[in-house]
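Structure provided below as structure tokens; questions to follow.
Each reported figure results from applying straightforward, stated rules to the coordinates on display, with no laboratory input. Computed from a predicted structure; not experimentally measured. Methodologically, a virtual Cβ is constructed for each residue, glycine included, from the backbone with ideal geometry; neighbour enumeration extends over all protein chains shown.
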Amino acid sequence: YMTPYVRYAVRHPLTQNFPRKFKTSFTGSPNKDNIMSAIHDLAFIAQIKDGKKGFKVLVGGGTSIMPRLAQTLYDFVSIDDYLSVSEAIWQVFDQAETLRKNRMMARIKVLIDRIGIEEFRNLVENEWSNIGKIDPSPLMATDNIYTETPPLPTKPRRTPKKLPEAFSNWMATNVESQKQAGYKIVYLTVPQGDLTKDQFFQLAKVCRIYSTGSVRTTQEQSIALRWVPESLLFDLWKDLVDIDLGKPDAHTISDVVSCPGTDSCKLGITSSMGLGKAIRENLILNATNDPQAKKLHVKISGCPNGCGQHHLANIGFHGAAVKGPKGQIPAYEVFLG
Ligand code: SF4
């Protein structure tokens with residue numbers, strides 16, 4: 001259902017000159033928010049109601065200098081209606097001329113903040129009543145390039161008598177079961193989100209052997225290999241270790257997320273990658289065994305814009321500048337909770 005949305009939206013006249021950017025997310029999982037739905041302008045969360053497929057619809061989320069959690073626009077919109085609701089929402093956003101006065105405030109969350117979700121819903125329904133049903137099925141055909149063939153579970157190449165502790169640690173934090181029996185999702189720990197060109201080529205080889213030949217980047221600055229046969233996990237781990245991508249502790253406190261900051265972003269005030277590296281090294285050096293502490297997330301943005309998702313962390317930092325004796329010096333604001 002995301003594919004028809006994209007195809008319908010991309011060249012739609014309404015989406016060509018929005019007041020500003022508009023981010024949409026979809027998830028097929030009603031019980032686990034794996035898309036950060038609350039920080040998107042528009043989010044669709046799959047639901048089934050009375051045997052009918054549809055979505056819960058959230059609007060108006062965002063971070064940056066005005067963080068807002070998306071609010072529920074509808075608890076359920078059927079698949080026959082989600083494209084027409086989308087068009088109605090685009091219409092309301094596009095017509096909000098007041099948003100065009102200040103680029104910094106030209107987001108749908110600002111409109112909803114000003115008029116309230118009830119009034120926003122009224123505006124959407126007014127538009128929606130003029131839009132007929134839009135059937136997504138003609139837009140659903142998937143290009144062959146996206147068809148994936150999972151590898152067959154085959155005999156492992158290596159079968160150690162005793163599994164190394166490092167492998168068990170990696171299994172505990174970097175491997176998740178798929179709903180398809182016998183297959184796993186493997187997350188790679190990628191410090192600072194940096195891969196070398198050699199690692200890229202080697203990773204391409206690895207994912208052709210153990211996965212579908214493609215990988216996904218994740219919102220947690222990790223790389224996910226899907227459809228990994230359970231029987232090949234040890235072989236995969238060994239091959240990942242050889243290219244320095246077999247580190248454990250994905251999605252734990254030491255797996256610090258940071259935006260590029262001053263390394264490459266012209267808006268950066270501070271070296272968020274530098275701070276991320278320093279915190280990670282320190283956390284590894286002083287490793288905690290407290291399971292609750294290990295679950296914490298540290299995220300860093302090099303300025304208040306929040307690309308490092310500092311709003312969504314247990315411990316967040318954003319770059320700032322403070323007055324020093326000889327002028328401004330880089331600093332951080334710290335967010336807890
Ligand atoms: S948070 Fe700021 S410094 Fe970091 S990538 Fe975004 S704009 Fe650049």
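First check a/c for the stretch 163-242, with a ≥ b ≥ c the square roots of the eigenvalues of its C-alpha gyration tensor; if it is under 1.5, answer rounded, and if not, answer prolate when a/b is larger than b/c or oblate otherwise.
Rounded is the answer for the stretch 163-242, as its axis ratio a/c remains below 1.5.
Can you compute the FRET efficiency between GLN219 and ALA320 using 1/(1 + (r/R0)^6), with r the Cβ-Cβ distance and R0 = 35 Å? Round to the nearest 0.05.
0.90
OK, next. Determine, at each q value in 0.12, 0.16, 0.18, 0.20 (inverse angstroms), the log₁₀ of I(q)/I(0) that the Debye formula gives when each Cα of the stretch 2-139 is one equal point scatterer.
The Debye formula, applied to the Cα set alone, gives -0.44, -0.80, -1.03, -1.29.
With label points built 7 Å along Cα→Cβ from the Cα atoms of ALA287 and ASP263, find their separation and express it in nm.
With each label point 7 Å from Cα toward Cβ, the separation is 2.3 nm.
Just to check I understand the Karplus step: with θ = phi - 60° and J = 6.51 cos²θ - 1.76 cosθ + 1.60, what whole-Hz values come out for the stretch 75-80, glycine and proline as x?
6, 8, 10, 6, 5, 6
For n ≥ 4 DSSP H runs only, could you compute -39500 (n - 2.57) per run for the chain, divide by its residues and tell me the 222 nm figure to the nearest 500?
So the helix-based figure for the chain works out to -9000 deg cm²/dmol.
Say we join alpha carbon atoms closer than 10 Å with springs in a Gaussian network model of the chain; which of PHE120, PHE317, PHE201 then has the biggest fluctuation?
PHE201
Give me the one-decimal nm value for the distance between modelled label points at ARG100 and ASN144, 7 Å along each residue's Cα-to-Cβ direction.
A separation of 4.5 nm, rounded to one decimal place.
So what is Rg over Rh here for the chain, counting just Cα atoms and using Kirkwood for Rh?
1.00
For ARG158 and SER129, calculate 0.36 nm times their separation in residues minus their Cα-Cα distance, and state this gained length in nm to one decimal.
Extra length available between ARG158 and SER129 comes to 4.2 nm.
So if I take the centroid of the Cα atoms in the stretch 171-248 and the same for the stretch 76-133, what is the distance between those two points in Å?
The stretch 171-248 and the stretch 76-133 have Cα centres separated by 40 Å.
Let me ask you something else. Name the lysines eligible as straight-distance cross-link partners of LYS184: C-alpha to C-alpha under 19 Å, and not fewer than 8 places from it in the same chain.
Hits, sequence-local ones excluded: LYS32, LYS155, LYS205, LYS238, LYS247.
Related question: Per residue and in cubic angstrom, what volume does the convex hull of the Cα atoms of the stretch 257-336 have?
Spelled out: Cα convex hull of the stretch 257-336, divided by residues, is 97 Å³.
Quote the relative contact order of the chain in percent (integer), defining contacts as alpha-carbon pairs under 8 Å separated by 6+ residues.
The value is 12 percent.
What aspartates and glutamates does LYS162 reach when the alpha-carbon gap must be under 16 Å and sequence neighbours fewer than 8 apart in one chain are set aside?
Reachable aspartates and glutamates: ASP235.
Are there cysteines in the chain with no second cysteine's Cβ under 4.7 Å away, and if so, which?
Here CYS207, CYS265, CYS303 come out as lacking a disulfide-compatible partner, given the Cβ-Cβ threshold of under 4.7 Å.
Give me a comma-separated list of calculated 3J(HN,Hα) values for the stretch 283-299, in order, Karplus coefficients 6.51, -1.76, 1.60 applied at θ = phi - 60°, integers in Hz, x for any Gly or Pro.
Ordered by residue, 3J(HN,Hα) equals 5, 6, 5, 10, 4, 9, 9, 5, x, 5, 5, 5, 6, 5, 10, 10, 9 Hz.
Mind checking the dipole of the chain: about its Cα centre, +1 per Lys or Arg Cβ, -1 per Asp or Glu Cβ, Debye to the nearest 20?
560
Ok, one more. Would the stretch 1-78 count as rounded, prolate or oblate if I go by the C-alpha gyration tensor, calling it rounded below 1.5 in a/c and otherwise prolate when a/b exceeds b/c, oblate otherwise?
The shape class here is oblate.
Still on this model: Set the Förster radius R0 to 22 Å, insert the Cβ-Cβ distance between GLU333 and ASP244 as r into 1/(1 + (r/R0)^6), and round the FRET efficiency to 0.05.
0.10
Over the stretch 135-201, what per residue volume does the convex hull of the Cα atoms give, in whole Å³?
Convex hull of Cα atoms, per residue: 220 Å³.
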